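The values are calculated or read from the model by the stated rules, or taken from the named source; none is laboratory data. A quick note: this is a predicted structure, and the numbers were derived from the prediction, not measured. For neighbour counting, all protein chains shown are included, and Cβ atoms are generated from backbone atoms with ideal geometry for every residue, glycine included. Note: areas computed on protein heavy atoms with side chains; ligands, DNA, RNA excluded. Shrake-Rupley method; radii C 1.70, N 1.55, O 1.52, S 1.80 Å.
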Amino acid sequence: MGVELEFLVFDAETPSRQVPIARVADALPPLPGGSRVTFEPGGQLELATPPLPLSQAVAGLVSDLDAVRLAFSGAGLVLGGFALDPFRPPRRQLRLPRYDAMAAFLGVPYGRLMMCSTASIQVNLDFGANPRVRWDRAHLLGPVLVAAFANSPRDGWMSGRQAVWHHLDRTRTAPVAMGGDPVEEWAGYLLDARLMLVRDSAGDGAAGCRVVLDGSPYREFARVAGRPPTDEDLAYHATTLFPPVRPRGWMETRYLDAQALDDWPVCVAVVHALVTDDRAGDVALDAAWPVRGAWVRAARFGLAEPHLRRTAEACFRAAVEALPRLGAEPWLVDRVDRFAARHIEPGRSPALDLEMCV
């Protein structure tokens with residue numbers, strides 16, 4: 001598995017002040033766990049692990065985050081433990097041609113909010129011996145996991161971050177269809193998604209990005225571009241699609257809000273357990289069947305919705321039982337258990353704690 005953690009970064013004394021990427025980069029210490037560092041368009045900091053077993057991935061990120069938090073405390077910076085910026089208007093810092101095209105295509109306000117004001121946890125999992133089983137689990141369990149980890153209250157939504165994604169171009173943010181052959185369904189998704197840009201030069205798209213605003217799907221690439229598509233065009237098009245679960249040779253779960261700084265390991269452990277452990281996955285799917293497809297309901301109401309709360313309880317019990325089998329350290333199992341007692345059992349998504357503080 002691999003983990004990608006995004007963080008909004010704030011000035012400790014004036015949270016409403018924009019923090020330049022250069023200031024964040026200058027404050028970063030050496031990372032003992034070896035995480036890769038990147039930045040999102042609005043200056044969000046991202047730490048990403050290489051593919052590792054669960055316990056090693058979590059341990060490496062814990063050590064790296066400890067180092068970052070210590071260094072940032074001396075630099076007057078703070079990592080945000082939530083998924084949608086409550087203090088600052090969206091402002092883009094990175095001006096790469098890809099981001100220029102994305103901003104023009106996605107528009108305002110939601111495109112700008114997504115690019116500059118959101119933070120998430122992405123859990124990357126291999127497909128295992130039976131790819132379809134893990135693909136189905138990651139989708140069918142998505143709504144209950146959105147509710148359990150909703151951590152961005154905004155305008156009546158427990159996951160305001162999910163609301164932002166919901167209001168973007170649905171040909172590239174809706175879930176991939178299910179029920180048939182997953183390979184064919186993903187191929188259809190690729191072809192039907194609107195074409196965002198055409199690269200007029202070879203390479204990684206650093207120059208010559210021409211935004212496409214006429215609503216043409218990718219299957220009409222040749223007409224729009226004036227040339228047949230290449231394999232590189234298709235691969236690049238796939239990077240502009242953002243479904244809740246995206247295949248990239250491995251499986252990206254993209255629907256999870258960033259969490260409080262001590263709670264992100266819970267999110268990672270639960271997703272890993274429910275998707276990769278067959279016993280836990282079967283129990284979770286049985287419980288989740290009544291809330292399948294309830295993405296919007298989960299983002300709006302979180303665990304206040306009774307069916308989602310009951311499903312989350314069953315899923316967390318299954319995860320706690322599975323984690324020792326998956327090599328999780330006792331402290332991690334205990335943290336999942338305590339998160340369940342604090343949030344899942346009383347039906348309180350983490351967003352409710354934020355509403356009391358912000």
(request) Using only the Cα atoms of the range 234-282, construct the convex hull and provide its projected area averaged over every direction, in square nanometres to one decimal. (result) 4.5
(request) Rounded to the nearest 500, what is the 222 nm mean residue ellipticity of the chain from helices alone, with -39500 (n - 2.57) per DSSP H run of 4+ residues and division by all residues? (result) -13500 deg cm²/dmol
(message) How far apart, in nanometres, would the label points at residue 178 and residue 66 be if each is projected 7 angstrom from Cα along the Cα-to-Cβ direction?
(response) 3.8
(request) Compute, for residue 313, the solvent-accessible surface of its heavy atoms (probe 1.4 Å) with the complete set of protein chains present, and express it in square angstrom to the nearest 10. (result) 50
(message) Using a 1.4 angstrom probe on the protein heavy atoms only, could you order 256, 285, 190 from most to least accessible area?
(response) 285, 190, 256
(message) At R0 = 41 Å, how high is the FRET efficiency between residue 95 and residue 286 if r is their beta carbon distance? Nearest 0.05 is fine.
(response) 0.25
(request) Mind checking the full-extension length gain between residue 36 and residue 260? Use 0.36 nm per residue of separation minus the Cα-Cα distance, one decimal, nm. (result) 78.6 nm
(request) Find how much the distance from residue 235 to residue 13 grows on full extension, using 0.36 nm per residue of separation minus their present alpha carbon separation; answer in nm with one decimal. (result) 75.6 nm
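When the accessible area of the chain is computed with all protein chains present and a 1.4 Å probe, what percentage of it is carbon and sulfur?
C and S fraction of accessible area: 55 percent.
Over the chain, average the accessible area per residue using a 1.4 Å probe and give it in Å², no decimals.
Value for the chain: 42 Å² per residue.
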(request) Express in nm, to one decimal, how much length is gained between residue 187 and residue 342 on full extension, taking 0.36 nm for each residue of separation and deducting their alpha carbon distance. (result) 51.7 nm
(message) For the pair residue 216/residue 126, report the inter-label distance in nm, with labels modelled 7 Å from Cα in the Cβ direction.
(response) 4.0
(request) May I ask for log10 I(q)/I(0) of the range 28-118 at q = 0.21 Å⁻¹, from a Debye sum over the Cα atoms as equal point scatterers with solvent left out? (result) -1.05
(request) Enumerate the amide H contacts of residue 197 below 5 Å, restricted to partners 5 or more residues apart or on another chain; note that Pro and chain-start residues carry no placed amide H. (result) 212
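Scale the Cα Rg of the chain by the rule-of-thumb value 2.2 N^0.38 Å and send over the ratio, two decimals.
0.97
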